[in-house]
Amino acid sequence: MLFAALSGFIFVLLIPIINKYAKNSVGWIASIFPLALTVYFISFYTNVIDKGNSILESTSWVPSLGINLSFYLDGLSLTFSLIITVVGFVVFLYAGSYMKNYDSLGKFYIYIILFMSSMIGLVLSDNIITMFVFWELTSITSYLLIGFNHEKETARNSALQALLITGGGGLALLAGLIILSGISGSMSISSLASMNDILTEHRLYAPAALLILIGAFTKSAQFPFHFWLPNAMEAPTPVSAYLHSATMVKAGIYLIARMNPSLGGTELWNYTIMFVGAVTMLFTAVLSFKQTDLKKLLAYSTLSVLGTLTMLIGIGSDLAIKAFMIYLIAHALYKATLFLTAGMIDHSTGTRNIEELQGLRKVMPITAAIAILASLSKMGIIPLIGFVGKETVYAATIEYTNFGFLFITLAIAANIFVVYITMTVGFKPFFGKFRKTPKTPHELPFRMWFGPMLLAFGGLTLGIFSSFIIGKLINNTELGIITAKLNIPVKLWHGFTLELMLSFITVLLGILLFWKRNQLLKYVDNISFIDEITPSYHYQKLFNGTLKLAKLQSRILQNGFLRYYIMVIIISTIILGGTTLFSLGEMDYTGIIEMPGFEEIIIAIVMMTATYMTVRAKTRLAAIVAVGVIGYSIALIYIMYGAPDLAMTQFAIETLTVILFVLVIYRLPGYLPFSSTARRIRDFIIAGAGGLLMSLISIIILSNPLSSELKNYFAKNSYAIAKGKNIVNVILVDFRALDTMGEITVLAVAAIGVFALLKLRKGADEK
Amino acid sequence: MNLLLVIIIGLLYTAGLYMMMRRSFVKVIIGLILLSHAANMLIFTVGRITKGNPAFLNKDGAIFEPFSDPLPQALILTAIVIGFGVQAFAIVLFKRAYQTAGTDDLDEMKKTDED
């Protein structure tokens, strides 16, 4: 499994080569990869589905931190893996034809293969840190793919929005996972599942659970984070079909399902998930009503389904888990198909506006057949898998009576809109009288319709044989969503039940809504305040506000005047250092007061005078001479206190500096006073406060005893180990030789810089 | 002497910071030099000054107590030399900047674009 999870990262290296030598068939070649992985995952059929085992493989990665590349395959991860590879195959094949006019097709395949591998890694990972790494990789590749048409501003904005929201959620998730591993002492997801009691009773359970849920909700676009998904429709259609309906947006739901055994069973967990899911399900379904863009309509129906799936985990009964699994598979099959047929319509007619599309069935018969087959599944018509899905969702919500009939009512209301969307997307473009479109429509090549057809027929086959295939998957495997195995048979036909009747009513009302769309829209158009209460409005306000704040603080802090930068540094140091000093309290300073000797007083007076001269000098030369005096005085201090090496260096360097300075500035005109007196006084006060702070710091250090182990260590070992008698020199060239090497490097860099500046001639680069 | 050194440190820092806030490029460089002096004195002082022998061993490998701490000296030696590198670079940079911009005023040099 290690190879399956990571092979994509190797395979992707071949894409530039393939793209260079066989640009036209890069799609064909790339689609072999997901096909091979599909075969690989199907080979686990006997072990995982027939025998009901789960497989754990582990390779150590960062063992010191407990981070391993461990991968876990059970019913849940196998289902997700197969959705990823099968839909991946279809999308890879489709994109080669759909995007054949893009120059950067090779780049597209690089991104999408990276995405696919990250997604497989995410659903297979058993280690929470490894999972998080893959989780973030899917966010990044999603960002690259949404912004694929990066010359469009809307695409860039949408990509950034998706990244900020899922990335922000990712941070919350990381915090949650770290708390979780702190509580349990384990980083293995499968071992967390057996620690439900320890985890849920811990005092940090609530923050950990909520942080993890925020991560999941942002990723799966749950209310109030849902708005990034419709905006992500800026991506090329194959991306929307793959990432933003079938796979990546389900990562959050996968995470909730995966964490359900370890964190679930509490009211906090179940109610949060249930209500967030239910709100998302209905709210986004209603929002779809005003949309006219094929892809946006599909995005809103995806949101509604994601809400339903979340709600089902929250309900958490056996029936709800069963409904979750069936609906998950059904949705991946029909929604990817509908996205792809929407792309085909767009490709062929040049528009995605639903008002302009009708009567295409004669020109595009294959597309029409595929779209209608997928639509029937989506509307929940027997004998497709969508029918089984919707029936079980209704059954699970009817059975759950904790809140009366609330959830079944919400589910029906949302599904009426889903039927409405399906009518609009799957039927309307094909029926009625043909209308002229921007491009003359035509049927599309095999490479484009083959994949969607496969998925649409998959929905039909799985529907008819649901009791064998899906029944076995649900009842025989370790699902990983709940600890026990399920035992509920899956049937296509349950007889004339309440669910069937509700299904029937849903479809009828959905068609009615579609029929009366234009009349109803007149009323809806009058409601404009809806835009101001949606979270996306607040997101935009927050986003713009952040930018404004950033601009404001740059204008204040990074204003281009060196002295203000220095001022900010000094003042912040004074404030931070000063408060620390005050918090130290009373100290004994008597130790440092002693009578200085005569020669010391003389040197101090010379230095103080020279410092004053430096600041007040009227000419540059005078200032430099005064600086030289300070430097030589310091050299004298070094001599007096047993540091002859320092004194020698100081003398030499001071002389060099003064000579260099004089050479450079000798011919310049005199100083010009630039600043007003008020400014000078202000600067002096700030500088004085900084100087005072440094004095205080040295007093405090001096009044505390110093125990220098190193002093004696060097004295003892200088000769014994390093064979040198001048200890300072031994430190420089032996004990701390690497520091000296760094110092030499700095000098060399400075010398190169000086040389380059001197050699540089004005206007040399203009020739 | 400690007290005197503490006062000198404060004074050097004050002068250095004050000069760095000037508009004249030359004054800023002088401020830089003063600051590095101040920092060296700070390290020297808080590393404890010892009136006595330098940190040399005699020919038997023994040392005469009291001797000064060699570690701050090694640090300062490095700092002096690096400080010189920075100063030399700044001085030459100033020369070039003055040739190009024709002024010593940093405010005039704020814009990167030519007019």
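The mean count of C-beta atoms from other chains within 10 Å of the C-beta of residues in A:627-638, rounded to a whole number, is 4.
Only lysine pairs 8 or more places apart or on separate chains count here, and in segment A:414-510 those with Cα atoms under 23 Å apart total 4. Here the extension length gained between A:Ala678 and A:Thr401 equals 92.0 nm, from 0.36 nm per residue of separation less the Cα-Cα distance. Averaged over peptide B:25-37, the number of partner chain Cβ atoms lying within 10 Å of each residue's Cβ comes to 5.
Annotation: peptides A:564-571, A:578-585, A:456-463, ranked by per-residue average of other Cβ atoms within 10 Å with the highest first, follow the order A:456-463, A:564-571, A:578-585.
Other residues whose C-beta falls under 12 angstrom from the C-beta of A:Lys335 contribute a net charge of +3, scoring Lys and Arg +1 and Asp and Glu -1. The GluC sites (Glu not before Pro) of segment A:531-614 that DSSP puts in a loop, and whose beta carbon has at most 13 other beta carbons within 10 Å, are A:Glu586, A:Glu594. Amide H contacts for A:Ser70 (H built 1.01 Å from N in the peptide plane; partners 5 or more residues away or on another chain; cut-off under 5 Å): A:Thr59, A:Asp126, A:Asn127.
For A:Pro438, what charge total do you get from the other residues with a beta carbon under 12 Å from its beta carbon, if Lys and Arg give +1 and Asp and Glu give -1? Value of the local net charge: +2. Peptides A:427-433, A:128-134 ranked from most to least packed give A:128-134, A:427-433, packing being the mean of other C-beta atoms within 10 angstrom over each peptide's residues.
Around the Cα centre of segment A:365-445, unit charges on the Cβ atoms of Lys, Arg, Asp and Glu (plus for the first two, minus for the last two) sum to a dipole of about 560 debye. The protection proxy used here, the mean number of other Cβ atoms lying within 10 Å of each residue, ranks peptides A:171-178, A:448-455 as follows, highest first: A:448-455, A:171-178.
Note on segment A:550-655: Rg/Rh from C-alpha atoms, Kirkwood Rh, equals 1.11. Report the FRET efficiency, 1/(1 + (r/R0)^6), for A:Glu586 and A:Met640, where r is their Cβ-Cβ distance and R0 is 30 Å, rounded to 0.05. So the FRET efficiency works out to roughly 0.35. Within the shell of other residues whose beta carbon sits under 11 angstrom from the beta carbon of A:Val249, the net charge comes to +3, with Lys and Arg scored +1 and Asp and Glu -1.
Extension gain for A:Ser60 to A:Glu267 (0.36 nm times residue separation, less C-alpha to C-alpha distance): 70.8 nm. Placing a label point 7 Å from the Cα of A:Lys723 along the Cα-to-Cβ direction, the residues of segment B:44-85 whose backbone N falls under 18 Å of that point are B:57-62.
By the equivalent-ellipsoid construction on the alpha carbon gyration tensor, the protein assembly as shown comes out with semi-axes of 72, 33, 26 Å, ordered largest to smallest.
With a Förster radius of 30 Å applied to the C-beta separation of A:Lys759 and A:Leu656, the computed FRET efficiency comes to 0.90.
About its Cα centre, the dipole of the protein assembly as shown is roughly 2640 debye, where the only charges are +1 on Lys and Arg Cβ and -1 on Asp and Glu Cβ. Using a simple spin-label model with pseudo-atoms 7 Å out from Cα toward Cβ, A:Leu747 and A:Ile556 lie 4.4 nm apart.
With the simple model of a label 7 Å out from the Cα in the direction of the Cβ, A:Leu706 to B:Asp60 spans 2.9 nm. The relative contact order of segment A:1-108 comes to 36 percent, based on Cα pairs under 8 Å that sit 6 or more residues apart.
Place a label point 7 angstrom from the Cα of A:Ser317 along the Cα-to-Cβ direction, then list the residues of segment A:234-254 whose backbone nitrogen is under 11 Å away. Under 11 Å, as judged by backbone N against the label point of A:Ser317, lies no residue of segment A:234-254. On the beta carbon distance between B:Ala101 and A:Leu204, with R0 = 60 Å, the FRET formula returns roughly 0.50. Projecting label points 7 angstrom from Cα along Cα→Cβ for A:Val606 and A:Glu151 puts them 7.3 nm apart. Computed over chain B, the per-residue total of -39500 (n - 2.57) for DSSP H runs of n ≥ 4 gives a 222 nm mean residue ellipticity of -22500 deg cm²/dmol, rounded to 500. Over chain A, Cα pairs under 8 Å with separation of 6+ residues give a relative contact order of 10 percent. Which Cα, out of A:Val276, A:Val363, A:Thr292, lies furthest along the positive dipole direction of segment A:265-525 (beta carbon charges, K/R +1, D/E -1)? Value: A:Val363.
Read the figures in this text as sums done on the coordinates, not as results from a lab. What you see is a predicted model, and the numbers here were worked out from it, not measured in a lab. Cβ sites come from the backbone with ideal geometry, for glycine too, and all protein chains shown count toward neighbours.
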